[in-house]
1. Net charge near ASN478: determine it from the other residues with C-beta under 14 Å of the C-beta of ASN478, scoring Lys and Arg +1 and Asp and Glu -1.
2. Pairs LYS433/LYS483; LYS285/LYS388; LYS242/LYS308: which are spaced more than 26 Å apart, C-alpha to C-alpha?
3. For region 383-422, what is the Kirkwood estimate of the hydrodynamic radius, computed as the reciprocal of the mean inverse distance between distinct Cα atoms, to one decimal in Å?
4. First select every other residue whose beta carbon is under 11 angstrom from the beta carbon of THR272; then total the charges, Lys and Arg +1, Asp and Glu -1.
5. Looking at region 511-582, how many pairs of lysines come closer than 29 Å at the Cα, when each pair is eight or more places apart or spans two chains?
6. Using label points projected 7 Å from each Cα along Cα→Cβ, tell me how many nm separate ASP227 and LEU456, to one decimal.
7. Can you sort GLU421, GLU434 by solvent-accessible area, 1.4 Å probe, largest first?
8. Could you report region 130-281's accessible area per residue, 1.4 Å probe, as an integer in Å²?
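The values are calculated or read from the model by the stated rules, or taken from the named source; none is laboratory data. Since this is a predicted model, take the numbers as computed values, not measurements. We place every Cβ from the backbone using ideal geometry, glycine too, and count neighbours over all the protein chains shown. Side chains included, ligands, DNA and RNA excluded: accessible areas come from the protein's heavy atoms. Shrake-Rupley method; radii C 1.70, N 1.55, O 1.52, S 1.80 Å.
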Amino acid sequence: MSKIKVMSENLANKIAAGEVVEKIASVVKELVENSIDAHAKNIVVSLEDGGLKSIQVIDDGDGMDEQDAILAFSRHATSKLLKEDDLFFIDTLGFRGEALPSIASVSHVTLKTCQNDIGTLIEIKGGKMLSHEESDSRVGTTITVTDLFYNTPARLKYLKTEASELAGCVSFIERLALSHPSISFVLQNNGHTLVKTSGSDNLHKCIHEIYGLNVSSKMLEVKASNDDFDLYGYICKPEILKSNRNHFITIVNDRVVKNYEINRAINDAYYTYKPDTKYPIVVLKINTDPTLIDVNIHPTKQDIKLSKIKELYELIYNTIKDTLYKSLLIPDAIKKPEYNEIKDNYVENFIHEEEKKEDSYHETNQMVMDLSYQEEKEEPIVINEEMKKLVLYPIGVAHGTYIIAQNEEGLYLIDQHAAQERVNYERYLKALKEQKITTTGLLFPITVELSSSEFLTVKNHLDVLTNIGFKVEEFGVNTFVFKEHPTWLKTGYEEESIKKIVDILIKNQGEFDPVKFNEHIAITLACKMSIKANMHISNEAIEELLNELCNCDNPYNCPHGRPTIIKFSIYDLERMFKRVMN
Ligand code: ZN
Ligand code: ZN
(Lines give C-alpha, C1' and ligand atoms only; values in the text may rest on other atoms or scores of the structure.)
(Ligands and ions follow the chains in the order given, each with its own letter.)
Protein backbone atom coordinates (compact mmCIF):
# COMPACT_ATOMS: atom_id res chain seq x y z
CA MET A 1 0.00 0.00 0.00
CA SER A 2 1.50 3.36 -0.96
CA LYS A 3 1.99 6.02 1.64
CA ILE A 4 -0.50 8.36 0.03
CA LYS A 5 -3.18 5.76 -0.01
CA VAL A 6 -2.68 5.06 3.67
CA MET A 7 -2.88 8.72 4.49
CA SER A 8 -6.09 9.24 2.63
CA GLU A 9 -7.59 6.18 4.22
CA ASN A 10 -6.60 7.45 7.63
CA LEU A 11 -8.17 10.78 6.85
CA ALA A 12 -11.36 9.10 5.68
CA ASN A 13 -11.45 7.18 8.95
CA LYS A 14 -11.10 10.34 10.96
CA ILE A 15 -13.93 11.93 9.04
CA ALA A 16 -16.09 8.86 9.48
CA ALA A 17 -15.28 8.82 13.17
CA GLY A 18 -16.90 12.21 13.45
CA GLU A 19 -20.12 10.76 12.15
CA VAL A 20 -20.18 7.40 13.85
CA VAL A 21 -18.46 8.13 17.13
CA GLU A 22 -20.10 10.95 19.00
CA LYS A 23 -20.22 9.73 22.54
CA ILE A 24 -18.59 7.16 24.76
CA ALA A 25 -21.78 5.14 24.36
CA SER A 26 -21.31 4.99 20.59
CA VAL A 27 -17.84 3.48 21.05
CA VAL A 28 -19.26 1.00 23.54
CA LYS A 29 -22.05 0.24 21.08
CA GLU A 30 -19.67 -0.61 18.24
CA LEU A 31 -17.42 -2.75 20.40
CA VAL A 32 -20.23 -4.63 22.14
CA GLU A 33 -22.11 -5.25 18.92
CA ASN A 34 -18.93 -6.81 17.52
CA SER A 35 -18.91 -9.12 20.55
CA ILE A 36 -22.52 -10.11 19.96
CA ASP A 37 -21.76 -10.79 16.30
CA ALA A 38 -18.91 -13.03 17.48
CA HIS A 39 -21.46 -15.10 19.44
CA ALA A 40 -20.21 -14.04 22.86
CA LYS A 41 -22.18 -15.33 25.84
CA ASN A 42 -20.46 -13.10 28.39
CA ILE A 43 -19.58 -9.49 27.73
CA VAL A 44 -17.85 -7.30 30.30
CA VAL A 45 -17.57 -3.57 29.68
CA SER A 46 -15.16 -1.79 32.01
CA LEU A 47 -14.92 1.96 31.93
CA GLU A 48 -12.54 4.29 33.65
CA ASP A 49 -13.91 7.74 34.45
CA GLY A 50 -17.09 7.04 32.52
CA GLY A 51 -15.04 5.94 29.52
CA LEU A 52 -13.25 9.28 29.17
CA LYS A 53 -10.05 7.60 30.32
CA SER A 54 -10.56 4.13 28.95
CA ILE A 55 -13.14 1.75 27.55
CA GLN A 56 -12.53 -1.97 27.68
CA VAL A 57 -14.74 -4.75 26.31
CA ILE A 58 -13.95 -8.37 27.12
CA ASP A 59 -15.92 -11.13 25.47
CA ASP A 60 -15.84 -14.90 25.18
CA GLY A 61 -16.86 -14.84 21.54
CA ASP A 62 -15.27 -16.57 18.55
CA GLY A 63 -12.18 -14.39 18.49
CA MET A 64 -10.19 -13.65 15.36
CA ASP A 65 -7.15 -15.15 13.72
CA GLU A 66 -4.15 -12.97 13.04
CA GLN A 67 -5.19 -11.96 9.55
CA ASP A 68 -8.73 -10.99 10.50
CA ALA A 69 -7.43 -9.06 13.46
CA ILE A 70 -5.32 -6.90 11.19
CA LEU A 71 -8.06 -6.57 8.60
CA ALA A 72 -10.51 -5.45 11.27
CA PHE A 73 -8.74 -2.09 11.28
CA SER A 74 -8.75 -1.67 7.55
CA ARG A 75 -11.71 0.27 6.32
CA HIS A 76 -12.09 -1.26 2.89
CA ALA A 77 -11.28 -4.78 3.81
CA THR A 78 -13.81 -4.91 6.56
CA SER A 79 -16.54 -3.18 4.57
CA LYS A 80 -16.62 -6.32 2.48
CA LEU A 81 -18.30 -7.96 5.41
CA LEU A 82 -21.39 -5.95 4.63
CA LYS A 83 -23.81 -7.94 2.59
CA GLU A 84 -25.83 -6.31 -0.10
CA ASP A 85 -29.13 -6.52 1.68
CA ASP A 86 -30.05 -4.07 4.35
CA LEU A 87 -29.27 -4.50 7.99
CA PHE A 88 -32.30 -6.47 8.94
CA PHE A 89 -31.55 -9.21 6.48
CA ILE A 90 -28.19 -9.96 7.93
CA ASP A 91 -27.76 -11.25 11.41
CA THR A 92 -25.22 -8.71 12.43
CA LEU A 93 -26.50 -5.86 14.51
CA GLY A 94 -25.18 -2.86 12.84
CA PHE A 95 -23.23 -1.22 10.31
CA ARG A 96 -19.95 -3.03 9.98
CA GLY A 97 -16.59 -2.23 8.74
CA GLU A 98 -16.12 1.46 9.24
CA ALA A 99 -16.57 1.71 12.95
CA LEU A 100 -13.45 -0.02 14.24
CA PRO A 101 -11.02 1.69 11.88
CA SER A 102 -12.74 4.98 12.66
CA ILE A 103 -12.40 4.51 16.38
CA ALA A 104 -8.76 3.46 15.95
CA SER A 105 -8.04 6.59 13.92
CA VAL A 106 -8.96 8.88 16.81
CA SER A 107 -7.70 6.92 19.80
CA HIS A 108 -5.26 4.39 21.16
CA VAL A 109 -6.57 0.83 20.70
CA THR A 110 -5.23 -2.45 22.02
CA LEU A 111 -6.76 -5.60 20.62
CA LYS A 112 -6.07 -9.00 22.09
CA THR A 113 -7.87 -11.81 20.36
CA CYS A 114 -7.63 -15.53 19.92
CA GLN A 115 -9.57 -18.03 17.87
CA ASN A 116 -7.69 -21.28 18.43
CA ASP A 117 -4.27 -21.69 19.99
CA ILE A 118 -2.29 -18.64 18.97
CA GLY A 119 -3.47 -15.29 20.17
CA THR A 120 -2.77 -11.94 18.54
CA LEU A 121 -2.00 -8.64 20.24
CA ILE A 122 -2.21 -5.47 18.20
CA GLU A 123 -1.66 -1.91 19.26
CA ILE A 124 -2.82 0.99 17.13
CA LYS A 125 -2.69 4.71 17.77
CA GLY A 126 -4.17 7.38 15.55
CA GLY A 127 -4.73 4.70 12.92
CA LYS A 128 -1.04 3.66 12.90
CA MET A 129 -0.01 0.17 13.94
CA LEU A 130 2.43 0.49 16.85
CA SER A 131 2.99 -3.18 17.51
CA HIS A 132 1.79 -6.58 16.48
CA GLU A 133 2.77 -9.75 18.32
CA GLU A 134 1.66 -13.12 19.54
CA SER A 135 -0.22 -13.35 22.78
CA ASP A 136 -1.80 -15.92 25.09
CA SER A 137 -4.58 -18.18 23.97
CA ARG A 138 -7.77 -17.34 25.84
CA VAL A 139 -10.50 -17.66 23.20
CA GLY A 140 -12.38 -14.43 22.71
CA THR A 141 -11.53 -10.78 22.31
CA THR A 142 -10.40 -8.03 24.62
CA ILE A 143 -10.36 -4.56 23.16
CA THR A 144 -9.26 -1.46 25.02
CA VAL A 145 -9.77 2.09 23.80
CA THR A 146 -7.94 4.92 25.54
CA ASP A 147 -7.32 8.58 24.75
CA LEU A 148 -10.44 8.91 22.64
CA PHE A 149 -10.27 11.96 20.34
CA TYR A 150 -6.74 12.77 21.50
CA ASN A 151 -5.90 13.92 17.96
CA THR A 152 -9.22 15.64 17.18
CA PRO A 153 -9.57 18.33 19.86
CA ALA A 154 -12.72 19.71 18.25
CA ARG A 155 -14.42 16.36 18.80
CA LEU A 156 -13.06 15.99 22.28
CA LYS A 157 -14.89 19.14 23.25
CA TYR A 158 -18.19 17.51 22.39
CA LEU A 159 -17.83 14.79 24.97
CA LYS A 160 -19.97 15.57 27.94
CA THR A 161 -19.20 15.16 31.63
CA GLU A 162 -18.22 11.82 33.06
CA ALA A 163 -21.64 11.33 34.67
CA SER A 164 -23.50 12.15 31.51
CA GLU A 165 -21.39 9.85 29.30
CA LEU A 166 -21.76 7.14 31.92
CA ALA A 167 -25.53 7.52 32.03
CA GLY A 168 -25.58 7.08 28.25
CA CYS A 169 -23.57 3.85 28.53
CA VAL A 170 -25.76 2.47 31.31
CA SER A 171 -28.88 3.17 29.32
CA PHE A 172 -27.41 1.57 26.21
CA ILE A 173 -26.18 -1.58 27.96
CA GLU A 174 -29.49 -2.03 29.77
CA ARG A 175 -31.41 -1.88 26.52
CA LEU A 176 -29.00 -4.21 24.84
CA ALA A 177 -29.28 -6.66 27.75
CA LEU A 178 -33.07 -6.59 27.47
CA SER A 179 -32.88 -7.29 23.77
CA HIS A 180 -30.45 -10.19 24.38
CA PRO A 181 -31.50 -11.90 27.62
CA SER A 182 -29.40 -14.94 26.70
CA ILE A 183 -26.16 -12.97 26.94
CA SER A 184 -24.68 -11.96 30.28
CA PHE A 185 -23.68 -8.28 30.37
CA VAL A 186 -21.60 -6.55 33.00
CA LEU A 187 -20.94 -2.82 32.96
CA GLN A 188 -18.43 -1.38 35.41
CA ASN A 189 -17.07 2.07 36.02
CA ASN A 190 -13.87 2.45 38.05
CA GLY A 191 -14.44 -1.03 39.41
CA HIS A 192 -18.04 -0.46 40.49
CA THR A 193 -20.62 -2.70 38.87
CA LEU A 194 -23.54 -0.74 37.44
CA VAL A 195 -25.31 -3.32 35.31
CA LYS A 196 -25.18 -7.05 35.68
CA THR A 197 -27.37 -9.55 33.94
CA SER A 198 -27.04 -13.29 34.12
CA GLY A 199 -27.75 -14.28 30.53
CA SER A 200 -30.51 -16.62 31.74
CA ASP A 201 -32.50 -16.21 28.52
CA ASN A 202 -35.47 -15.22 30.66
CA LEU A 203 -36.80 -11.75 29.86
CA HIS A 204 -38.58 -11.35 33.18
CA LYS A 205 -35.44 -12.23 35.08
CA CYS A 206 -33.49 -9.78 32.96
CA ILE A 207 -36.01 -7.04 33.83
CA HIS A 208 -35.54 -8.01 37.46
CA GLU A 209 -31.76 -7.75 37.19
CA ILE A 210 -32.01 -4.31 35.65
CA TYR A 211 -34.90 -2.68 37.49
CA GLY A 212 -34.97 -4.58 40.81
CA LEU A 213 -37.67 -6.38 42.70
CA ASN A 214 -40.08 -3.48 43.17
CA VAL A 215 -40.45 -3.21 39.42
CA SER A 216 -40.13 -6.84 38.40
CA SER A 217 -42.84 -7.91 40.84
CA LYS A 218 -45.19 -5.37 39.25
CA MET A 219 -44.76 -6.45 35.65
CA LEU A 220 -47.54 -8.10 33.67
CA GLU A 221 -46.77 -10.46 30.83
CA VAL A 222 -48.20 -9.64 27.41
CA LYS A 223 -48.40 -11.98 24.48
CA ALA A 224 -50.32 -11.72 21.24
CA SER A 225 -50.06 -12.21 17.50
CA ASN A 226 -51.76 -11.20 14.32
CA ASP A 227 -51.02 -12.15 10.72
CA ASP A 228 -47.86 -10.08 10.58
CA PHE A 229 -46.55 -9.56 14.08
CA ASP A 230 -45.74 -11.59 17.16
CA LEU A 231 -45.72 -9.62 20.34
CA TYR A 232 -44.19 -10.66 23.64
CA GLY A 233 -43.02 -8.80 26.69
CA TYR A 234 -43.83 -7.13 29.97
CA ILE A 235 -45.72 -4.01 30.93
CA CYS A 236 -45.76 -2.46 34.38
CA LYS A 237 -48.72 -1.94 36.61
CA PRO A 238 -49.68 1.75 36.66
CA GLU A 239 -48.36 2.16 40.20
CA ILE A 240 -44.84 2.10 38.73
CA LEU A 241 -44.49 5.16 36.57
CA LYS A 242 -41.56 7.19 35.31
CA SER A 243 -41.35 10.82 34.32
CA ASN A 244 -40.16 10.16 30.79
CA ARG A 245 -40.61 7.71 27.93
CA ASN A 246 -37.10 6.28 28.18
CA HIS A 247 -38.49 3.06 29.52
CA PHE A 248 -40.61 2.27 26.49
CA ILE A 249 -38.21 -0.36 25.21
CA THR A 250 -39.22 -1.80 21.90
CA ILE A 251 -37.23 -4.54 20.26
CA VAL A 252 -38.02 -5.41 16.67
CA ASN A 253 -36.40 -8.62 15.44
CA ASP A 254 -33.89 -8.50 18.33
CA ARG A 255 -32.89 -4.94 17.69
CA VAL A 256 -33.75 -2.04 19.99
CA VAL A 257 -35.59 0.50 17.88
CA LYS A 258 -37.55 3.70 18.16
CA ASN A 259 -40.85 4.20 16.47
CA TYR A 260 -43.30 6.98 17.15
CA GLU A 261 -46.41 4.94 16.42
CA ILE A 262 -45.34 2.07 18.70
CA ASN A 263 -44.74 4.55 21.51
CA ARG A 264 -48.12 6.12 20.85
CA ALA A 265 -49.84 2.74 21.02
CA ILE A 266 -48.24 2.05 24.41
CA ASN A 267 -49.13 5.46 25.77
CA ASP A 268 -52.70 5.38 24.45
CA ALA A 269 -53.30 1.94 25.97
CA TYR A 270 -52.58 3.39 29.42
CA TYR A 271 -55.07 6.20 28.90
CA THR A 272 -56.63 7.18 32.27
CA TYR A 273 -54.57 4.45 33.97
CA LYS A 274 -51.90 7.09 34.43
CA PRO A 275 -51.51 10.86 34.39
CA ASP A 276 -50.59 12.24 30.95
CA THR A 277 -47.15 13.30 32.14
CA LYS A 278 -46.13 9.93 33.56
CA TYR A 279 -45.00 6.91 31.60
CA PRO A 280 -44.86 3.18 32.25
CA ILE A 281 -41.99 0.74 31.94
CA VAL A 282 -42.71 -1.45 28.94
CA VAL A 283 -40.45 -4.00 27.29
CA LEU A 284 -41.93 -5.28 24.04
CA LYS A 285 -40.39 -7.78 21.69
CA ILE A 286 -41.89 -7.64 18.24
CA ASN A 287 -41.07 -10.23 15.63
CA THR A 288 -42.01 -9.75 12.05
CA ASP A 289 -41.06 -10.47 8.48
CA PRO A 290 -38.03 -8.28 7.68
CA THR A 291 -39.69 -7.15 4.47
CA LEU A 292 -42.12 -5.09 6.54
CA ILE A 293 -39.28 -3.04 7.97
CA ASP A 294 -38.08 -0.03 6.16
CA VAL A 295 -34.67 0.49 7.67
CA ASN A 296 -33.11 3.80 8.12
CA ILE A 297 -29.66 2.82 7.03
CA HIS A 298 -27.85 5.44 9.11
CA PRO A 299 -25.82 3.43 11.60
CA THR A 300 -26.32 5.60 14.63
CA LYS A 301 -30.07 5.98 14.34
CA GLN A 302 -32.49 3.65 16.01
CA ASP A 303 -35.55 4.92 14.18
CA ILE A 304 -37.31 2.54 11.87
CA LYS A 305 -40.37 2.66 9.69
CA LEU A 306 -42.75 -0.24 9.45
CA SER A 307 -45.34 -1.17 6.89
CA LYS A 308 -48.66 -2.27 8.37
CA ILE A 309 -48.01 0.07 11.27
CA LYS A 310 -51.75 0.53 11.75
CA GLU A 311 -52.17 -3.20 12.36
CA LEU A 312 -49.24 -3.17 14.76
CA TYR A 313 -50.67 -0.17 16.59
CA GLU A 314 -53.98 -2.02 17.06
CA LEU A 315 -52.23 -5.17 18.25
CA ILE A 316 -50.11 -3.35 20.83
CA TYR A 317 -52.92 -1.06 21.97
CA ASN A 318 -55.47 -3.85 22.37
CA THR A 319 -53.06 -6.27 24.02
CA ILE A 320 -51.89 -3.79 26.64
CA LYS A 321 -55.38 -2.45 27.28
CA ASP A 322 -56.75 -5.92 27.65
CA THR A 323 -53.97 -6.99 30.00
CA LEU A 324 -54.56 -3.96 32.22
CA TYR A 325 -58.29 -4.56 32.16
CA LYS A 326 -57.89 -8.16 33.22
CA SER A 327 -55.50 -7.48 36.06
CA LEU A 328 -56.14 -6.55 39.63
CA LEU A 329 -54.31 -3.26 40.00
CA ILE A 330 -54.89 -1.90 43.50
CA PRO A 331 -51.47 -0.62 44.48
CA ASP A 332 -49.92 -1.80 47.72
CA ALA A 333 -49.35 1.11 50.04
CA ILE A 334 -46.14 -0.51 51.19
CA LYS A 335 -43.40 -1.25 48.69
CA LYS A 336 -41.87 -4.68 48.72
CA PRO A 337 -38.61 -4.72 50.66
CA GLU A 338 -35.53 -5.05 48.51
CA TYR A 339 -33.54 -8.02 49.71
CA ASN A 340 -29.75 -7.89 49.65
CA GLU A 341 -29.74 -4.47 48.21
CA ILE A 342 -26.37 -3.73 46.69
CA LYS A 343 -27.08 -0.12 46.12
CA ASP A 344 -24.04 1.54 44.78
CA ASN A 345 -23.66 4.70 46.78
CA TYR A 346 -20.85 5.69 44.56
CA VAL A 347 -23.05 5.91 41.51
CA GLU A 348 -25.88 7.39 43.45
CA ASN A 349 -23.88 10.35 44.69
CA PHE A 350 -21.94 10.62 41.54
CA ILE A 351 -24.88 10.86 39.25
CA HIS A 352 -27.15 12.81 41.53
CA GLU A 353 -26.22 16.22 40.19
CA GLU A 354 -26.41 15.24 36.58
CA GLU A 355 -29.77 13.62 37.09
CA LYS A 356 -31.42 16.91 37.90
CA LYS A 357 -30.13 18.41 34.69
CA GLU A 358 -30.89 15.67 32.28
CA ASP A 359 -34.42 14.60 31.70
CA SER A 360 -33.27 11.75 29.56
CA TYR A 361 -31.15 10.44 32.38
CA HIS A 362 -31.72 6.89 33.32
CA GLU A 363 -32.23 5.85 36.88
CA THR A 364 -29.03 4.10 37.66
CA ASN A 365 -29.28 4.90 41.31
CA GLN A 366 -32.42 2.85 41.64
CA MET A 367 -30.77 -0.12 40.20
CA VAL A 368 -30.48 -2.97 42.53
CA MET A 369 -28.64 -6.11 41.80
CA ASP A 370 -30.98 -8.46 43.44
CA LEU A 371 -29.87 -12.01 43.55
CA SER A 372 -33.05 -13.24 45.16
CA TYR A 373 -34.89 -13.68 41.90
CA GLN A 374 -37.03 -16.71 41.84
CA GLU A 375 -38.44 -18.27 38.76
CA GLU A 376 -41.99 -17.04 38.46
CA LYS A 377 -44.66 -19.57 38.97
CA GLU A 378 -47.40 -19.49 36.40
CA GLU A 379 -49.88 -17.49 38.37
CA PRO A 380 -53.43 -17.60 37.12
CA ILE A 381 -54.41 -14.21 35.78
CA VAL A 382 -56.54 -12.38 38.28
CA ILE A 383 -59.45 -11.26 36.25
CA ASN A 384 -60.87 -7.84 36.85
CA GLU A 385 -64.15 -9.61 37.59
CA GLU A 386 -62.62 -10.28 41.01
CA MET A 387 -62.68 -6.57 41.61
CA LYS A 388 -66.38 -6.49 40.89
CA LYS A 389 -66.90 -9.07 43.59
CA LEU A 390 -64.77 -7.13 46.04
CA VAL A 391 -66.75 -5.98 49.05
CA LEU A 392 -65.31 -3.10 51.01
CA TYR A 393 -66.72 -2.27 54.43
CA PRO A 394 -66.36 1.42 55.19
CA ILE A 395 -64.97 2.41 58.58
CA GLY A 396 -64.97 6.16 58.23
CA VAL A 397 -63.46 9.15 56.47
CA ALA A 398 -60.09 10.59 57.34
CA HIS A 399 -59.27 14.26 56.77
CA GLY A 400 -62.60 14.69 55.06
CA THR A 401 -61.05 13.16 51.97
CA TYR A 402 -59.97 9.55 52.35
CA ILE A 403 -62.52 6.84 52.92
CA ILE A 404 -61.12 4.08 55.14
CA ALA A 405 -62.49 0.64 54.39
CA GLN A 406 -61.58 -2.94 55.15
CA ASN A 407 -62.22 -6.53 54.20
CA GLU A 408 -60.66 -9.88 55.03
CA GLU A 409 -57.60 -9.05 52.90
CA GLY A 410 -56.63 -5.76 54.45
CA LEU A 411 -57.20 -2.08 54.85
CA TYR A 412 -58.02 0.30 52.01
CA LEU A 413 -57.84 4.04 51.54
CA ILE A 414 -60.04 5.55 48.86
CA ASP A 415 -59.85 9.14 47.64
CA GLN A 416 -63.51 10.16 47.66
CA HIS A 417 -63.22 12.73 44.88
CA ALA A 418 -61.11 10.55 42.60
CA ALA A 419 -63.40 7.57 43.17
CA GLN A 420 -66.56 9.45 42.39
CA GLU A 421 -64.92 11.10 39.43
CA ARG A 422 -64.18 7.65 37.98
CA VAL A 423 -67.74 6.48 38.57
CA ASN A 424 -69.25 9.58 36.98
CA TYR A 425 -66.78 9.52 34.12
CA GLU A 426 -67.67 6.00 33.07
CA ARG A 427 -71.37 6.77 33.49
CA TYR A 428 -71.20 9.90 31.31
CA LEU A 429 -69.08 8.19 28.71
CA LYS A 430 -71.51 5.31 28.41
CA ALA A 431 -74.46 7.71 28.20
CA LEU A 432 -72.71 9.74 25.51
CA LYS A 433 -72.03 6.65 23.44
CA GLU A 434 -75.59 5.43 23.80
CA GLN A 435 -77.48 5.41 20.52
CA LYS A 436 -80.89 5.87 22.08
CA ILE A 437 -80.90 8.99 24.16
CA THR A 438 -83.63 9.81 26.60
CA THR A 439 -84.16 13.50 26.98
CA THR A 440 -86.16 15.63 29.29
CA GLY A 441 -87.68 19.08 28.81
CA LEU A 442 -86.51 22.06 30.80
CA LEU A 443 -89.20 23.82 32.78
CA PHE A 444 -87.28 27.04 32.37
CA PRO A 445 -85.33 26.97 29.11
CA ILE A 446 -81.70 27.97 29.55
CA THR A 447 -80.26 30.72 27.37
CA VAL A 448 -76.60 30.94 26.53
CA GLU A 449 -75.21 34.21 25.21
CA LEU A 450 -71.97 34.15 23.22
CA SER A 451 -69.64 36.40 21.27
CA SER A 452 -70.35 36.41 17.55
CA SER A 453 -67.40 34.17 16.66
CA GLU A 454 -68.33 31.71 19.41
CA PHE A 455 -71.93 31.82 18.23
CA LEU A 456 -70.83 30.87 14.71
CA THR A 457 -68.69 27.98 15.96
CA VAL A 458 -71.57 26.54 17.93
CA LYS A 459 -73.97 27.11 15.05
CA ASN A 460 -71.66 25.12 12.76
CA HIS A 461 -71.63 22.20 15.16
CA LEU A 462 -75.21 22.30 16.37
CA ASP A 463 -75.67 18.71 15.19
CA VAL A 464 -73.10 17.62 17.78
CA LEU A 465 -75.32 18.95 20.53
CA THR A 466 -78.48 17.41 19.05
CA ASN A 467 -76.70 14.09 18.66
CA ILE A 468 -76.03 13.88 22.37
CA GLY A 469 -79.60 14.80 23.29
CA PHE A 470 -79.98 18.57 23.45
CA LYS A 471 -82.76 20.51 21.84
CA VAL A 472 -81.23 23.87 20.96
CA GLU A 473 -82.55 26.81 18.99
CA GLU A 474 -81.22 30.19 17.96
CA PHE A 475 -82.68 32.86 20.12
CA GLY A 476 -82.02 36.43 19.08
CA VAL A 477 -78.56 37.95 18.70
CA ASN A 478 -75.67 35.54 19.40
CA THR A 479 -77.84 33.55 21.77
CA PHE A 480 -79.07 29.98 21.93
CA VAL A 481 -81.90 28.59 23.96
CA PHE A 482 -81.74 25.04 25.35
CA LYS A 483 -85.18 23.46 25.66
CA GLU A 484 -84.38 19.80 26.28
CA HIS A 485 -81.37 17.96 27.68
CA PRO A 486 -80.27 14.33 28.02
CA THR A 487 -81.36 12.73 31.30
CA TRP A 488 -77.84 12.02 32.48
CA LEU A 489 -77.17 15.66 33.32
CA LYS A 490 -77.08 15.95 37.10
CA THR A 491 -80.25 17.48 38.46
CA GLY A 492 -79.72 20.94 39.83
CA TYR A 493 -76.57 21.40 37.72
CA GLU A 494 -78.22 21.63 34.30
CA GLU A 495 -77.22 25.20 33.52
CA GLU A 496 -73.65 24.75 34.72
CA SER A 497 -73.31 21.54 32.72
CA ILE A 498 -74.73 23.05 29.54
CA LYS A 499 -72.39 26.04 29.77
CA LYS A 500 -69.43 23.69 30.25
CA ILE A 501 -70.40 21.64 27.23
CA VAL A 502 -70.76 24.75 25.06
CA ASP A 503 -67.35 25.85 26.31
CA ILE A 504 -65.81 22.54 25.31
CA LEU A 505 -67.46 22.74 21.89
CA ILE A 506 -65.95 26.18 21.33
CA LYS A 507 -62.50 25.07 22.48
CA ASN A 508 -62.64 22.01 20.20
CA GLN A 509 -63.30 24.02 17.06
CA GLY A 510 -61.02 23.53 14.12
CA GLU A 511 -60.23 19.86 14.32
CA PHE A 512 -63.45 18.47 15.59
CA ASP A 513 -63.37 14.87 16.71
CA PRO A 514 -66.61 13.55 18.25
CA VAL A 515 -64.76 10.87 20.26
CA LYS A 516 -62.45 13.44 21.84
CA PHE A 517 -65.38 15.78 22.35
CA ASN A 518 -67.32 13.15 24.30
CA GLU A 519 -64.21 12.24 26.24
CA HIS A 520 -63.64 15.86 27.12
CA ILE A 521 -67.25 16.33 28.26
CA ALA A 522 -67.14 13.17 30.36
CA ILE A 523 -63.91 14.15 32.14
CA THR A 524 -64.91 17.76 32.71
CA LEU A 525 -68.40 17.02 34.00
CA ALA A 526 -67.18 14.08 36.08
CA CYS A 527 -64.77 16.35 37.91
CA LYS A 528 -67.30 19.16 38.30
CA MET A 529 -70.07 16.92 39.54
CA SER A 530 -68.04 14.87 42.01
CA ILE A 531 -67.84 15.43 45.71
CA LYS A 532 -64.76 17.47 46.57
CA ALA A 533 -62.26 16.81 49.29
CA ASN A 534 -63.48 18.05 52.66
CA MET A 535 -67.12 17.72 51.65
CA HIS A 536 -69.20 15.61 53.96
CA ILE A 537 -70.50 12.34 52.58
CA SER A 538 -73.10 10.15 54.30
CA ASN A 539 -72.48 6.54 55.24
CA GLU A 540 -75.02 5.35 52.69
CA ALA A 541 -73.37 7.45 50.01
CA ILE A 542 -69.99 5.94 50.93
CA GLU A 543 -71.31 2.40 50.62
CA GLU A 544 -72.90 3.19 47.29
CA LEU A 545 -69.75 4.87 46.02
CA LEU A 546 -67.53 1.92 46.97
CA ASN A 547 -69.91 -0.46 45.32
CA GLU A 548 -70.07 1.60 42.14
CA LEU A 549 -66.31 2.03 42.08
CA CYS A 550 -65.71 -1.70 42.24
CA ASN A 551 -67.98 -2.11 39.24
CA CYS A 552 -66.12 0.30 37.01
CA ASP A 553 -64.12 -0.86 34.00
CA ASN A 554 -61.06 0.74 35.56
CA PRO A 555 -61.72 1.19 39.27
CA TYR A 556 -58.12 2.04 40.04
CA ASN A 557 -57.70 5.50 38.60
CA CYS A 558 -59.64 8.71 38.18
CA PRO A 559 -59.97 9.85 34.55
CA HIS A 560 -56.84 11.95 35.03
CA GLY A 561 -54.89 8.83 35.95
CA ARG A 562 -54.55 9.48 39.67
CA PRO A 563 -55.08 6.45 41.92
CA THR A 564 -58.51 6.05 43.49
CA ILE A 565 -57.65 3.29 45.93
CA ILE A 566 -54.60 1.88 47.74
CA LYS A 567 -54.27 -1.15 49.91
CA PHE A 568 -52.46 -2.17 53.08
CA SER A 569 -52.53 -5.94 53.04
CA ILE A 570 -52.88 -7.81 56.33
CA TYR A 571 -49.33 -8.98 55.72
CA ASP A 572 -48.09 -5.39 55.33
CA LEU A 573 -49.77 -4.41 58.58
CA GLU A 574 -48.38 -7.39 60.43
CA ARG A 575 -44.95 -6.70 59.08
CA MET A 576 -45.06 -3.04 60.07
CA PHE A 577 -46.11 -3.97 63.59
CA LYS A 578 -43.48 -6.71 63.66
CA ARG A 579 -46.08 -9.39 64.25
CA VAL A 580 -44.28 -11.18 61.46
CA MET A 581 -40.58 -10.81 60.84
CA ASN A 582 -39.06 -10.44 57.37
ZN1 ZN B 1 -61.28 16.22 39.72
ZN1 ZN C 1 -59.07 13.32 38.54
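1. With Lys, Arg at +1 and Asp, Glu at -1, the neighbours total -3.
2. On the way: LYS433/LYS483 21 Å; LYS285/LYS388 32 Å; LYS242/LYS308 29 Å.
Going by Cα-Cα distance, LYS285/LYS388; LYS242/LYS308 fall outside the 26 Å limit.
3. 10.9 Å
4. Net of charged neighbours comes to -2.
5. The result is 5.
6. 4.7 nm
7. Per-residue accessible area, sorted high to low, gives GLU434, GLU421.
8. On a per-residue basis, 38 Å².
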